[in-house]
Amino acid sequence: MFRYILRRLAWAIPTLLIVTFLVYLALRIGTDPVASYKRVNPRATRAKVQQYIDVNGLDPNFVKGYLTWLRNFVTGDWAPSIKGRREVWPALKDAMANTLRLGTAATVVGIFFGLIAGVFAALRPGGKRDVFINTSAFVGISIPPFISAILLQLLFAVYWQRWFGESLFPTSGVYPPGHSGFDLPLMIRYMVLPTIVVAIQIIATYSRYMRSSLLDVLNSDYMRTARSKGISERRVLVKHGMRNALIPVVTIAALDVGSIVGGLIITENIFSYPGMGLYFLKSFGEGDFPLLMPWMVVIVASVLLFNLIADISYAWLDPRIRLE
Amino acid sequence: MMGEKVMQIRDLHVTFDTPSGPLEAVRGVDLEVEAGELLGVVGESGSGKSVTFLATMGLLPTRAHVTGSVVLEGEQLIGASAKKMRDVRGRLLSMIFQDPLSALNPVHRIGDQISEMLHSHQSLTRRESEKRAIELLDIVGIPQPADRARQYPHEFSGGMRQRVVIAIAIANNPKVLIADEPTTALDVTVQAQILEVIERVQERFGTAVVLITHDLGVIARVADRVNVMYAGRNVEHGTIHSLFDHPSHPYTRGLLASLPRAGKQRLKPITGFPPNMLQPPSGCAFHPRCEFAADVCRGAMPELRQIDDLQSACVRAKELPRAESFV
Amino acid sequence: MSDVTLQLSPRQMAFRRFVSHKAAVASCGVILALSLFVILAPLTARYGVNQSVQAPPNSFLSPRGNAWLGTDDIGRDLYSRLIFGIRVSLLIGLASALISVTLGSLIGAVAGFRGGKFDDVMMRVTDLFLAFPFLVTLLVVRNVLGAVPWLKPLTGEMNSVRFIIVLFGIFGWMGVARIVRGQVLSLKEREFVEAARAVGASRRYIISRHLLPNSVGPIMVALTFSVVGAIIGESTLAFFGYGPQAGDGATSLGILVGAAKGAVQTGFWWLAVFPCFALIVIALSINFIGDALRDATDPRLDRGA
């Protein structure tokens, strides 16, 4: 098991390098960082522009440029943002913390309810409960996050305020403007709507995964063997059904990190929630290369990290994988 | 000991709700299992042989309606509470399934899967159950049982897995062991070994074994008595010797004639197709395929009757020419 | 095994299964009706795309007699704009899905059939793309596509509908390739393919005669999901201001939904509710159809009865 993890880790590093190189290429071609710099700083001297090129690794030769960028990145020599020469790390750190909070809340809520709904649906396939859950899940995956965000805002903020005098949940930020310090109840109130928006997607997808996976398992021979032992139905389901049903769900979960982060980006933007999504859309819109590259590295690394976690839990759940 | 009846099935009916209407898979089966015997149940697929015994185990899906009577050790199983059935399953009555590759849970260790069976009906310490599990693996002929108990199913071959399934089934020393096509999915050489294991268990623990199969060759090797099933009914019943020596029912004759034998030039298959159970033929369900069919066969559904030392459901049994002996 | 099912060809059985999915049949009706409605836009719409319903003051009128679904900031009829918007969105969905399904089927079939290095690299690339946040990849690919000068004749201007179609066409092939590859991998081991190989049939012949025709089910399913993906993708892009531009009198569901962003805080609910509702109905209907197609063409579901 330990060697398995090591081998996976050894794989992750070259992958990270290759992917960041591809991202570097795409950003160089797609956003033209030098032009963006000149646009934002129209009066920058030639020397300033050259300094910007040097420190960001924007050499006309892509490979050479990437290596320069990589060296500066690894040694912590990060270029400041093109606008106002802001330090990148503090901004990135705050964005990460905020997104992690929202993402964790939404994922926990989403996976919890998603799995439960899936199990309930699978226990009586074709029954009323199954039809209800399945149809709801379909509606859920058919509503893109920005739509549910708009509709929720309209209902709970704008119209609630019109009808009852004050809005039920705030619609933007983490705290009201001017607030300082930590206030958990207030923060939770601010997080309710964005969490729901992201969680709807997760619940809808995972209830369907869980349902089909558990249905496959329930029809399998070893479930009959387990029943023929005379153990309780509950034990049959939990001890023999669940673990097997979770194996495919876990594999899919790794591939899904991207879509969850995608939902987060959209949601954060609509709720002006100061996380990774807002950070990305702002810096992408301005072509702010020094802000964008570290963000991309964080995203690539977390995609790889979640893949690794999924691989490990997969191996832990399924003994057939371990010995390969 | 022999001759004492441990399980009696009376007038068992099983009906499934299907999208195309009710399907009666078992249509009034009577059958007895005697203590310590090896009873063979033969029939083609769809004859209701597996369904009959899944019904006795209470393992049919909920869309199946079961009526009739199954008495095991003096207790009625049909209509018994789920709790009662759980107590019976694995303790008095246990079952081996056709496909050993999928019958074991891939994510649990072999030893744990056996221990689970022990714990469900006996109070044992962890150590005791582990020791007993290793013993059981040894009994079914698995070498290095202590090491193997810690392994997972995918580390076992098909034959070895079937041995494990048998070990699980006999863990609580049941009165009746139902083996549903236990050798069908296995290689011929492995088949023989598995049959040996089953016979050994039967002799050593005095367990009555019901061997469900479509293969008369398997029956001929191990069974004491045979029940032949067709279209959800028992059509013939007798000792292995009398049935192979002078089969009375045309279906049994057909089955025997289709067996490959030394010195025989050509196999004689039964013509026609198994009946559509949504609309089974009237009277004797075999009459559309029977070379001896007469008007009387299309009338009432025939019951089992004593014909010499056999019980046969053929109304014309006495009129038919004596069949070739297969002894 | 009843006699009735014995007489049906696989296609007939698939059709039966499809029809038994009631939501999908209803969805077909919805999509057909909607298509007819928007194709006949000159008849069904009450005003032109950029036409005001009345002389000013005409902005942000709530739903009323001369503007059934209300008007937008410059007094245009939302009902008529919705019809034109759905027309463009359906076109984007269908056209880009056709491109991505063609690309994806070919790449997936070749990858699955040849296996080896090509397959490894292909699948690793698609894995990566699929694992990456959708919107990020989309925006980056969009910019790269727009920055490559020699693609201009194909893609047109970055804010044109054509560009969006090409973008989703190129973007969507990965999901399709994955599905087709899986299907080809399992077909490859079947007897009839082995037989064709044994008699010396060429690769191209086997792929075009055996593998692709037998993958029609999964490809159809992929097609429907690609259509939804492109429609939702377009509206997402437009929502964030990266979609097609409203010039030339054109509009799309995305542009309409994007305009709703501002309407929320001010409480002009109709500007948000109607376009959002239209998008949900379209996405839901196509998803239902895709689900029914999957049920209908997946032979694994033949159990039961």
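Since every read-out is calculated from the coordinates, none of them should be taken as a lab result. Computed from a predicted structure; not experimentally measured. For neighbour counting, all protein chains shown are included, and Cβ atoms are generated from backbone atoms with ideal geometry for every residue, glycine included.
List of remarks:
- Scaled radius of gyration (Cα, divided by 2.2 N^0.38 Å) that the protein assembly as shown gives: 1.16
- For B:VAL228, net neighbour charge (Lys/Arg +1, Asp/Glu -1) across residues whose Cβ lies under 12 Å away: +2
- For the peptide C:232-244, the mean number of other protein chain Cβ atoms found within 10 angstrom of a residue's Cβ is 3.
- Distance histogram for chain C (every C-alpha pair counted, 10 angstrom bins, percent rounded to whole numbers): 6, 22, 28, 23, 13, 6, 2, 0
- Here the range A:2-74 is treated as a Stokes sphere of Kirkwood radius computed over C-alpha pairs; at 20 °C and 1.002 mPa s its diffusion coefficient rounds to 154 µm²/s.
- The alpha-carbon positions of the range A:183-299 define a convex hull whose volume is 140 Å³ per residue.
- Between the Cα long axis of helix A:184-218 and the first principal axis of chain A there is an angle of about 50°, rounded to the nearest 10.
- Cβ-defined net charge surrounding B:LEU118, 11 Å radius [Lys, Arg +1; Asp, Glu -1]: 0
- Taken along the Cα-to-beta-carbon direction at a fixed 7 Å, the label points for C:MET13 and B:SER69 span 4.2 nm.
- Computed over chain A: relative contact order in percent, which uses C-alpha pairs under 8 Å that are six or more apart: 25 percent
- The slack in the chain from C:ASP127 to C:ALA198, taken as 0.36 nm per residue of separation less the alpha-carbon distance, amounts to 22.2 nm.
- Chain B: angle of helix B:188-205 to the longest principal axis, Cα-based, in degrees nearest 10: 80 degrees
- The alpha-carbon of C:LYS188 sits under 26 angstrom from the alpha-carbons of these lysines, leaving out residues fewer than 8 places away in its chain: C:LYS117.
- Angle in degrees between helix A:2-31 and the longest Cα principal axis of chain A, rounded to the nearest 10: 50 degrees
- Flagged links, alpha-carbon separation over 25 Å, of B:LYS84/B:LYS131; B:LYS175/B:LYS318; A:LYS128/C:LYS22; C:LYS152/C:LYS261: B:LYS84/B:LYS131; B:LYS175/B:LYS318; C:LYS152/C:LYS261
- Counting charges near B:ALA64 (Lys, Arg +1; Asp, Glu -1) among other residues having Cβ under 13 Å from its Cβ returns a value of -1.
- Ordering of A:175-181, B:168-174, A:150-156 by burial proxy (mean other Cβ atoms within 10 Å per residue, highest first): B:168-174, A:150-156, A:175-181
- When +1 charges are put on Lys and Arg Cβ atoms and -1 charges on Asp and Glu Cβ atoms, the dipole computed for the protein assembly as shown relative to its Cα centre reaches about 2060 debye.
- When all alpha carbon pairs of the range B:162-262 are counted in 10 Å bins from zero, the resulting P(r) reads 14, 45, 32, 9, 0 %.
- The coefficient of translational diffusion for the range C:170-305, derived via Stokes-Einstein from the alpha carbon Kirkwood radius under 20 °C and 1.002 mPa s, stands at 119 µm²/s.
- The range A:121-211: Cα Rg divided by the 2.2 N^0.38 Å rule of thumb: 1.37
- Taken residue by residue and averaged, Cβ atoms of other chains lying within 10 Å of the Cβ of B:92-105 number 4.
- D (Stokes-Einstein, µm²/s), Kirkwood Cα radius, the range B:141-202, 1.002 mPa s at 20 °C: 174 µm²/s
- Exceeding the 19 Å Cα-Cα cut-off - candidates A:LYS64/A:LYS93; B:LYS49/B:LYS83; A:LYS48/A:LYS93; A:LYS93/A:LYS282: A:LYS64/A:LYS93; B:LYS49/B:LYS83; A:LYS48/A:LYS93
- For chain C, the relative contact order comes to 26 percent (Cα pairs under 8 Å, sequence separation of at least 6).
- Close amide H contacts of B:ASN227 (hydrogens built in the peptide plane, cut-off under 5 Å, sequence separation of 5 or more or a different chain): B:GLY40, B:VAL41, B:VAL42.
- Helix content alone sets the calculated 222 nm mean residue ellipticity of the protein assembly as shown: runs of n ≥ 4 DSSP H residues at -39500 (n - 2.57) each, divided across all residues, give -19000 deg cm²/dmol.
- Global dimensions of chain B from alpha-carbon coordinates: Rg and Dmax equal 20.5, 67 Å.
- Approximating the spin labels as points 7 Å out from Cα along Cα→Cβ, the A:LEU215-to-A:ALA47 distance works out to 7.1 nm.
- Entry note, the range C:116-209: relative contact order of 21 percent, from Cα contacts under 8 Å with a spacing of 6+ residues.
- Extending 7 Å from Cα along the Cβ direction at A:LYS38 and again at A:TRP89 yields two label points whose distance is 3.2 nm.
- A simple packing score, the average count of other Cβ atoms within 10 Å per residue, orders the peptides B:175-185, B:138-148 as B:175-185, B:138-148, with the highest score first.
- Computed from the Cα positions only, the extents of the range C:51-96 along the three principal axes stand at 40, 16, 12 Å, in decreasing order.
- Across peptide A:137-149, the average count of Cβ atoms from other chains found within 10 Å of a residue's Cβ is 6.
- For chain A, the C-alpha radius of gyration sits at 1.21 times the compact-globule guess of 2.2 N^0.38 Å, with N the residue count.
- Computed over the range B:62-150, Cα set: Rg, Dmax in Å: 16.0, 46
- Phi-based couplings in Hz for the range C:238-243 (Karplus 6.51, -1.76, 1.60; Gly and Pro marked x): 4, 4, 8, x, 10, x
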